[in-house]
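Data block below; observations after.
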2 protein chains.
Amino acid sequence: MDLNWDRLSHVTKIDPAEHVPNDLELLDGTDLVIVGGSDGVTAENTLDAVQKVKSQFPDLPVLQEPYRSSHVSSKTVDTVDYLSVPAVFNGDDAHFVRKHVELFTEAASKPDEVTGSGLPVVGDAISSKAREAVSELATKIIGEGYVIQNCDSKAAAVSGVETPYTTEEVAGAALAAESFYGFPIFYIEYSGTYGGPTDVAAASQYLDETVLLYGGGIETHEQTAEILDAGADAVVVGDCFHDDPEQYRQTIP
Amino acid sequence: MDLNWDRLSHVTKIDPAEHVPNDLELLDGTDLVIVGGSDGVTAENTLDAVQKVKSQFPDLPVLQEPYRSSHVSSKTVDTVDYLSVPAVFNGDDAHFVRKHVELFTEAASKPDEVTGSGLPVVGDAISSKAREAVSELATKIIGEGYVIQNCDSKAAAVSGVETPYTTEEVAGAALAAESFYGFPIFYIEYSGTYGGPTDVAAASQYLDETVLLYGGGIETHEQTAEILDAGADAVVVGDCFHDDPEQYRQTIP
């Protein structure tokens with residue numbers, strides 16, 4: 001399934017470690033689901049959440065955003081549309097490059113385990129079929145350039161973020177995300193607080209092909225409208241999906 | 001000019017701080033020139049070297065590989081085919097992400113200075129023409145994923161490289177360079193010593209669209225052949241271009 005980024009304006013982030021209702025009809029009106037979290041997340045509860053969404057909305061695209069490689073299994077990979085891996089611009093180097101090289105090194109050197117293909121690896125030699133499986137897996141992995149602006153958040157703590165970016169740095173990171181790193185997603189994360197439209201406006205002027213997401217503190221229709229007017233492709237709504245369905249509905253444009 | 005990567009097998013790296021002969025006929029047979037270095041390099045001597053090459057070989061593509069933003073001027077940008085900016089996988093975080101965000105932040109916030117366009121910036125507002133100039137500049141900047149394997153080299157010292165990658169990590173970094181970061185170039189740098197074909201073979205199995213370059217200690221036709229046979233798109237020859245024209249000629253396949 002190709003993501004239809006053009007009709008994206010509302011994204012729901014589901015934490016598989018939180019309660020996921022069996023009846024997901026409130027997802028009617030969202031355009032994309034991202035499944036991911038840190039504490040308590042496993043490949044099993046991730047798969048369970050993805051399958052619940054897919055069974056009720058087969059055409060709704062679902063990304064898995066893994067925080068650790070233990071959140072990924074061959075079944076989650078097969079079931080989601082993409083694995084979306086955060087690259088945190090203002091985090092420590094582990095969260096921009098080191099974790100990614102580890103992930104791809106693991107995929108490249110143990111293709112049978114990572115792809116679950118049972119393809120043979122003889123000594124250090126990787127068979128051409130296993131290489132194909134790895135390359136296919138790699139095409140399912142996309143990069144999300146993240147800027148985390150709330151330094152008191154859990155997201156900041158786990159990514160080594162100590163200082164928010166200035167508005168100018170947000171614009172520079174956006175330009176780098178699109179033209180240098182080629183990330184399909186650029187994500188401004190205010191994680192639990194509403195950050196307003198300033199960073200979004202700065203980033204959006206340099207983003208053409210890369211999709212601009214804003215997340216953090218969205219609770220009203222007006223906030224959604226303000227962020228979309230500033231140039232975001234979509235708002236990401238997480239907490240109130242789990243906590244407050246009525247409020248969640250108000251965030252849909 | 002679009003680079004014709006398909007017919008690439010020999011690349012010459014010219015250090016503009018070293019002596020660049022006026023008669024460059026020995027470049028006949030190379031497919032691409034990279035101009036860059038660290039000590040003594042300026043925007044002026046870079047431009048001089050690029051213009052010498054372009055005046056004798058107008059169709060030979062030339063990349064500028066700047067180490068500092070002071071090596072770049074609006075004239076070097078206009079004269080070269082691409083600005084090729086190293087992202088050193090096994091370097092410190094300054095050389096993978098921080099320097100790039102600084103570069104793009106500068107470009108995004110001071111478009112008149114960076115593009116030399118004299119386009120007006122009113123307060124913090126960047127005019128749409130200036131934004132276009134920045135976006136155009138950005139399309140000229142391409143990423144080179146680097147792995148520096150000789151830790152005693154100058155290149156390692158200036159990039160914060162302390163440990164070479166294992167062969168498995170080289171393969172993982174190659175896979176990440178192509179499928180995650182989307183870098184058009186992956187460069188295995190043995191800088192002054194001949195590293196042999198092992199890393200090249202490991203990387204090449206995961207590179208399809210990304211061009212694989214090998215540099216370091218190439219002095220003979222046999223070494224060139226061994227590296228190309230292992231799957232590199234091209235060898236990069238630097239030192240002997242300046243020091244020993246006869247030896248340089250022997251590296252051309």
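Overview of results
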read-out	value
Filter pass, B:HIS100 being on the phi < 0 side of the Ramachandran plot and either among the small types (Gly, Ala, Ser) or in contact with a helix residue (DSSP H, G or I) (Cβ under 6 Å, 6 or more places away or on another chain) (or both)	yes
Complete set of residues in region B:92-105 that are buried (at least 23 other Cβ atoms within 10 Å of the Cβ) and in a loop (DSSP other than H, G, I, E, B)	B:PHE96, B:VAL97
Test: residue in region B:127-146 that is touching a Ser or Thr at 6+ places or on another chain (Cβ under 7 Å), closer than 29 Å to A:HIS95 by Cα, at pLDDT 70 or above and away from chain A (no Cβ under 12 Å)	no
B:ALA230 more than 21 Å from B:GLN64 (Cα to Cα) and surrounded by 24 or more Cβ atoms within 10 Å (Cβ to Cβ)	no
Near pairs, Cβ below 6 angstrom, 6+ apart or cross-chain, from region B:150-167 (farther than 13 Å from B:ASP92 by Cα) to any residue that is of a type in the set (S, T, N, Q)	B:ASN150/B:SER191; B:ASN150/B:THR193; B:SER153/B:SER191; B:TYR165/B:ASN90; B:THR167/B:THR198
Number of positions in region A:149-189 that are closer than 12 Å to A:PRO86 by Cβ, within 13 Å of the chain's Cα centre (by Cα) and either outside any helix (DSSP H, G or I) or within 14 Å of another protein chain (Cβ to nearest Cβ) (or both)	5
Candidate set from region B:71-90 (those that are part of a loop (DSSP other than H, G, I, E, B) and more than 16 Å from the chain's Cα centre (by Cα)); member that is nearest to B:LYS54 (Cα to Cα)	B:SER73
Tally of residues being at pLDDT below 95 and among the polar types (S, T, N, Q) across region B:23-41	1
In region B:202-219, the residues that are more than 15 Å from the chain's Cα centre (by Cα) and outside any loop (DSSP other than H, G, I, E, B)	B:ALA202, B:ALA203, B:SER204
Per-region count, region B:1-50, residues out of contact with any Pro (no Cβ under 6 Å at 6 or more places or on another chain), in a loop (DSSP other than H, G, I, E, B) and surrounded by 12 or more Cβ atoms within 10 Å (Cβ to Cβ)	14
Test: residue in region B:190-201 that is modelled with pLDDT of 95 or more, part of a helix (DSSP H, G or I) and of a type in the set (S, T, N, Q)	yes
Answer residue from region B:200-218, given it is crowded, with 23+ Cβ neighbours inside 10 Å and farther than 23 Å from A:LYS129 by Cβ and is farthest from the other protein chains (Cβ to nearest Cβ) among those	B:ILE218
Residues being modelled with pLDDT of 95 or more, acidic (Asp, Glu) and not in a helix (DSSP H, G or I) - total across region A:220-253	1
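The values are calculated or read from the model by the stated rules, or taken from the named source; none is laboratory data. In this text, all values refer to a predicted model and were calculated from it rather than measured experimentally. Reconstructed Cβ throughout: ideal geometry from the backbone, glycine too, with neighbour counts over all protein chains shown.
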